[in-house]
Structure formats: structure tokens, C-alpha cells
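Colleague: Take a look at the following structure, please.
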Amino acid sequence: MTAFEQAFALLVGHEGGFCNEHVDPGNWTGGAVGRGQLRGTKYGISAAAYPAVDIVSLTQADAAAIYRRDYWDRLCGDDLPPPLALLLFDAAVNNGVDRAGKWLQETVGAAVDGWIGPGTLAAVRHTTTEQGITAVCAEFMAQRLVFMASLPTWRVFGLGWARRLSLLPFQAVTMNAGK
């Protein structure tokens with residue numbers, strides 16, 4: 001199983017099936033509660049991010065293709081250590097690709113622009129060699145937790161997010177280097 005396939009299987013476990021909760025801004029095509037149509041989220045693919053997608057009819061294979069193209073490949077997931085790739089992938093899905101990229105760049109001391117390229121990948125290799133993968137993953141998760149706890153929706157979704165953020169590092173250590 002490739003690192004992407006492993007990460008996707010774990011992500012889908014967190015994201016689950018169809019959800020049409022009206023207080024979740026991601027479920028609305030306009031990206032805010034009451035704006036646009038309430039079309040929901042399935043496998044983490046939201047109406048806010050993909051307003052033209054028929055969310056209810058979305059298959060897991062469709063979701064995997066979207067995640068591969070719009071998240072994993074943009075993050076150079078195949079070029080990262082698998083545990084870090086999982087954490088970055090999950091953050092990109094929940095918090096945006098650019099934000100996840102910036103957290104990674106801040107963590108490894110690369111230029112912060114949100115774009116994962118050769119400079120960021122070199123900084124990842126250097127930092128994981130110097131500090132170890134565990135330290136890099138922990139710092140990345142700390143930055144993400146601080147951000148998420150500051151969101152106004154933390155009061156509604158915080159306990160579930162905290163569970164997810166607490167479980168992810170344990171899941172990351174199960175990732176193997178399969179390409």
C-alpha cells in the first residue's frame with residue numbers, strides 16, 4: 001500500500017460519510033452558514049470547497065482522486081517522510097493546503113510562502129536529520145492545535161477535533177515508506 005493510500009484510509013476514517021450539519025460552514029456552497037445551498041460534506045469533501053460536486057453521490061474513489069490531485073500532490077506527499085506526509089495531508093484537508101504548507105515551512109525553517117518545493121523539501125530533510133522526525137511532527141501538530149483552538153467553531157467541534165489531533169501522531173507512526 002502506498003503512503004497516499006495509507007493516509008487516505010486514515011483520513012476517511014476521521015472524515016466519515018455524509019454530513020449535512022447546518023452549523024458547519026463547510027457544508028454550505030457559499031462557505032458560511034446560511035450562504036448558498038446546504039449540500040453537506042462526504043469523506044471530507046465539502047460543498048464549500050467543491051460547490052459543483054454532487055456531494056451526496058460522491059464515491060470514495062471520487063474522493064480519493066480529488067484528494068490525490070488537490071492535496072497530496074500539491075504537498076509533495078510522496079517526497080516527505082510518510083508520518084509527516086500524513087500530518088500535513090490531514091491539516092491541508094481541514095485547514096487548507098497553503099496554511100498546512102506554511103506550518104511545515106515554519107517548522108523546518110524554510111521560506112514561508114505555502115508552496116512546497118525543492119527548498120522546503122531540502123529543509124525537511126535537513127531538519128528531520130538534525131532533530132528527528134518525532135520533533136518535527138510534534139512541532140507541526142503544536143502549531144496546528146494552537147490555530148484550531150483559536151477558531152470560533154472550536155466550541156462546537158473542538159472536542160472532536162482534539163480527539164483527531166491527539167490520535168493522528170499515533171497513526172502517523174504506523175505509516176510505512178511504501179510508495
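Colleague: Restricting attention to the range 46-64, which residues are part of a loop (DSSP other than H, G, I, E, B) and either among the small types (Gly, Ala, Ser) or in contact (Cβ under 8 Å) with a residue 24 or more places away in the chain (or both)?
Modeller: Those that are part of a loop (DSSP other than H, G, I, E, B) and either among the small types (Gly, Ala, Ser) or in contact (Cβ under 8 Å) with a residue 24 or more places away in the chain (or both): Ala47, Ala48, Ala49, Ala52, Ile55, Val56, Ser57.
Colleague: On to the next question. Taking the options Leu58, Leu86, name whichever one is under 17 Å from Ala9 (Cβ atoms) and in the same structural domain as Thr134 (by TED's automatic domain parsing).
Modeller: Leu86
Colleague: Working only within the range 130-179, note down all residues that are within 21 Å of Gly16 (Cα to Cα) and in contact with an Asp or Glu (Cβ under 7 Å, 6 or more places away or on another chain).
Modeller: The one that is within 21 Å of Gly16 (Cα to Cα) and in contact with an Asp or Glu (Cβ under 7 Å, 6 or more places away or on another chain): Leu168.
Colleague: Right, next: Give just the number: which of (1) over 19 Å from His14 (Cα atoms); (2) of a type in the set (Val, Ile, Thr); (3) out of contact with any helix residue (DSSP H, G or I) (no Cβ under 7 Å at 6 or more places or on another chain) does Thr127 not satisfy?
Modeller: With respect to (1) over 19 Å from His14 (Cα atoms); (2) of a type in the set (Val, Ile, Thr); (3) out of contact with any helix residue (DSSP H, G or I) (no Cβ under 7 Å at 6 or more places or on another chain), Thr127 is out only on (3).
Colleague: Would you be able to tell me the number of residues in the range 140-163 that are touching a residue at least 60 places away in the same chain (Cβ under 8 Å) and either among the polar types (S, T, N, Q) or exposed (fewer than 13 other Cβ atoms within 10 Å of the Cβ) (or both)?
Modeller: Number of matching residues: 1.
Colleague: May I ask you to list pairs of residues, at least six apart or on different chains, whose Cβ atoms are under 8 Å apart, with the first in the range 122-139 being free of Cβ contacts under 8 Å to residues at least 40 places away in the same chain and the second being of a type in the set (Val, Ile, Thr)?
Modeller: Final answer for the pair search is Ala123/Val108; His126/Val108; Thr127/Thr107; Thr127/Val108; Thr127/Val136; Glu139/Thr107.
Colleague: Evaluate the following for Ala32: is it within 16 Å of the chain's Cα centre (by Cα), surrounded by fewer than 18 Cβ atoms within 10 Å (Cβ to Cβ) and in the same structural domain as Ala3 (by TED's automatic domain parsing)?
Modeller: No; evaluated as a whole, the condition is false for this residue.
So that you can scan it fast, the table gives a plain yes or no per residue for (1) at positive phi; (2) within 16 Å of the chain's Cα centre (by Cα); (3) assigned to a helix (DSSP H, G or I):
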| position | (1), (2), (3) |
| --- | --- |
| Thr127 | no, no, yes |
| Met141 | no, yes, yes |
| Leu145 | no, yes, yes |
| Trp161 | no, yes, yes |
| Ser166 | no, yes, yes |
| Phe170 | no, yes, yes |
| Thr174 | no, no, no |
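Colleague: Would you mind stating whether Thr127 is of a type outside the set (Lys, Arg) and at pLDDT below 95?
Modeller: Answer is no for this residue.
Colleague: If Ala52 satisfies all but one of (1) exposed (fewer than 15 other Cβ atoms within 10 Å of the Cβ); (2) under 13 Å from the mean Cα position of the chain (by Cα), what's the number of the condition it fails?
Modeller: Condition (2) is where Ala52 drops out.
Colleague: Same structure again: Only one residue in Val93, Val173 is buried (at least 18 other Cβ atoms within 10 Å of the Cβ) and modelled with pLDDT under 95. Which one?
Modeller: Exactly one of Val93, Val173 is buried (at least 18 other Cβ atoms within 10 Å of the Cβ) and modelled with pLDDT under 95, namely Val93.
Colleague: Check Ala100, Ala110 and return the single one that is at pLDDT 95 or above and in a helix (DSSP H, G or I).
Modeller: Ala100
Colleague: When the residues of the range 72-92 are narrowed to those that are free of Cβ contacts under 8 Å to residues at least 60 places away in the same chain and over 19 Å from Pro169 (Cβ atoms), which ends up farthest from the chain's Cα centre (by Cα)?
Modeller: Asp79
Colleague: Say we look at the range 35-45 and pick out the residues that are within 21 Å of Leu10 (Cα to Cα) and assigned to a loop (DSSP other than H, G, I, E, B); which of these is farthest from the chain's Cα centre (by Cα)?
Modeller: Top of the filtered list is Gly40.
The values are calculated or read from the model by the stated rules, or taken from the named source; none is laboratory data. Since the structure is predicted, the reported quantities are computational estimates derived from the model, not experimental observations. Here the Cβ is made from the backbone with ideal geometry for all residues, glycine too, and neighbour counts use every protein chain on show.
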